[in-house]
Amino acid sequence: MATYIKPEAIKDASLPIGKVAAMSEDERLAFLVSLGLGKIGVVSQKQTWAKDYSGYTMSDLVWGTIPQANIDLFISAGAEFNDTDASIMKTAPWGEQVQHLPGYFYLNGLGDISYEEMQQIYSATASHRWSHDYNHFLIGQNKVRTNIVAYANTHSPKAVDFSVCAYEGSGLEVMAFTPANRAITCSLWSAFFASKLRYFVGILDCTNITSAMTGWARAFIDCYYLKEVKLYRLHVNADFGTLKNWSRASIRFMIDNVINTSAITITHHADAYARLTDDDKAAATAKNINLAIA
């Protein structure tokens with residue numbers, strides 16, 4: 001809740017309007033912080049990705065006062081804010097250590113979220129926390145880097161529809177569901193055409209997917225930098241030929257949990273295939289899976 005400061009209180013503190021006007025920008029920011037009305041942080045920035053989406057740089061940082069009421073709102077939705085002068089090490093949902101930088105918000109393993117980006121994330125995704133319908137979700141939302149953690153499918157067997165999710169200029173880097181170790185029954189028709197997507201936190205139950213995940217029905221199209229996504233109970237042909245960075249652990253999880261009753265072909269990017277061991281390939285053969293290379 002925002003704090004209301006009576007004009008008389010400012011007057012009693014010997015801070016006339018003229019003195020406020022004479023303050024430097026830094027002094028005004030510090031004054032607002034001292035009143036408990038906000039904290040200093042990164043308000044906006046420019047994110048520039050490498051051509052192969054292997055990483056990005058931040059530039060044009062604009063620092064300013066972030067309203068305390070909004071900080072409290074975002075914290076209530078699962079985010080954190082670093083108002084110290086040092087980085088804070090956090091364990092991301094996928095187990096890696098990441099830095100929560102000073103003046104930034106942290107959410108779902110991203111520790112460099114500006115105030116403007118956090119506003120975009122909250123506005124676009126908070127209302128979907130309990131939704132099962134992600135059909136055409138986040139299309140063209142290039143500043144929505146992650147989502148307010150979703151709880152869909154945790155209390156109901158209803159399938160989550162991801163059809164055409166995160167498409168056309170999506171800025172999605174991390175998609176997070178809770179609990180992360182519970183399978184989410186889903187549809188994945190032409191889902192996640194998101195070149196910046198790196199991690200999907202949650203297990204995707206493919207039991208209800210009955211047609212081949214190839215051509216336009218593919219999932220994770222052109223997700224070159226995607227490292228972690230766990231597919232459970234896959235039983236149809238699938239093409240993941242653009243997932244250059246797909247981790248061996250995620251691929252092995254998929255192999256160990258297929259439920260196919262006849263031979264299926266799963267296509268991989270050459271780099272992802274090269275990470276598989278002889279044991280992984282033997283496990284695939286035992287499960288009647290043909291591991292193809294795109």
(request) Quick one: in the stretch 160-169, of everything that is open to solvent by 10 Å² or more (accessible area, probe 1.4 Å) and not acidic (Asp, Glu), which residue is modelled with the lowest pLDDT? (result) Gly169
(request) Name the one entry in Ile66, Ile75 that is part of a helix (DSSP H, G or I) and hydrophobic (A, V, I, L, M, F, W, C). (result) Ile75
(message) Among the listed residues Thr277, Thr261, identify the single one that is farther than 17 Å from Ala219 by Cα and open to solvent by 80 Å² or more (accessible area, probe 1.4 Å).
(response) Thr261
(message) Quick check on Trp189: is it over 23 Å from His128 (Cβ atoms) and either in contact with a helix residue (DSSP H, G or I) (Cβ under 7 Å, 6 or more places away or on another chain) or modelled with pLDDT of 95 or more (or both)?
(response) no
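Conditions tested, residue by residue: (1) closer than 21 Å to Tyr225 by Cβ; (2) of a type in the set (Asp, Glu).
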{"position": "Lys51", "(1), (2)": "yes, no"}
{"position": "Thr57", "(1), (2)": "yes, no"}
{"position": "Asp60", "(1), (2)": "no, yes"}
{"position": "Gly64", "(1), (2)": "no, no"}
{"position": "Ala79", "(1), (2)": "no, no"}
{"position": "Thr91", "(1), (2)": "yes, no"}
{"position": "Ala126", "(1), (2)": "no, no"}
(message) Residues that are touching a residue at least 12 places away in the same chain (Cβ under 8 Å), under 29 Å from Val62 (Cα atoms) and more than 11 Å from the chain's Cα centre (by Cα): list the strands (runs of 3 or more DSSP E) wholly contained in the stretch 103-205 that include at least 1 such residues.
(response) 105-107, 110-113
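Per-residue answers, yes or no, for (1) at pLDDT below 95; (2) open to solvent by less than 50 Å² (accessible area, probe 1.4 Å); (3) assigned to a loop (DSSP other than H, G, I, E, B); (4) at positive phi:
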residue	(1), (2), (3), (4)
Thr3	yes, no, yes, no
Lys11	yes, no, no, no
Glu27	yes, no, no, no
Ala30	yes, no, no, no
Gly36	yes, yes, yes, yes
Thr57	no, no, no, no
(message) Looking at Gly103 and the list (1) among the small types (Gly, Ala, Ser); (2) farther than 16 Å from Val43 by Cα; (3) surrounded by 15 or more Cβ atoms within 10 Å (Cβ to Cβ), which single condition is not satisfied?
(response) (2)
(request) Determine if the stretch 233-252 includes at least one residue that is open to solvent by less than 10 Å² (accessible area, probe 1.4 Å), within 21 Å of Lys158 (Cβ to Cβ) and in contact (Cβ under 8 Å) with a residue 12 or more places away in the chain. (result) yes
(request) Filter the stretch 80-95 down to residues that are touching a residue at least 40 places away in the same chain (Cβ under 8 Å) and of a type in the set (A, V, I, L, M, F, W, C) and give me whichever is most open to solvent (accessible area, probe 1.4 Å). (result) Trp94
(request) Consider Thr265 carefully, then state whether it is modelled with pLDDT under 95, more than 24 Å from Val144 (Cα to Cα) and of a type in the set (Val, Ile, Thr). (result) no
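When the stretch 171-189 is examined, which residues are found to be open to solvent by less than 10 Å² (accessible area, probe 1.4 Å) and within 18 Å of Cys223 (Cα to Cα)?
Correct list: Gly171, Leu172, Glu173, Val174, Met175, Ala176, Leu188.
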(message) Could you go through the stretch 149-159 and let me know if any residue there is of a type in the set (D, E, K, R), surrounded by fewer than 20 Cβ atoms within 10 Å (Cβ to Cβ) and under 16 Å from Trp49 (Cα atoms).
(response) no
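The values are calculated or read from the model by the stated rules, or taken from the named source; none is laboratory data. Worth saying up front: this structure is predicted, and the values here are computed from it rather than measured. Using ideal geometry, Cβ is built from the backbone for each residue, glycine included, and neighbour counts are taken over all protein chains shown. Just so you know, the surface numbers come from the protein's heavy atoms only, side chains and all, with ligands and any DNA or RNA stripped out. Shrake-Rupley method; radii C 1.70, N 1.55, O 1.52, S 1.80 Å.
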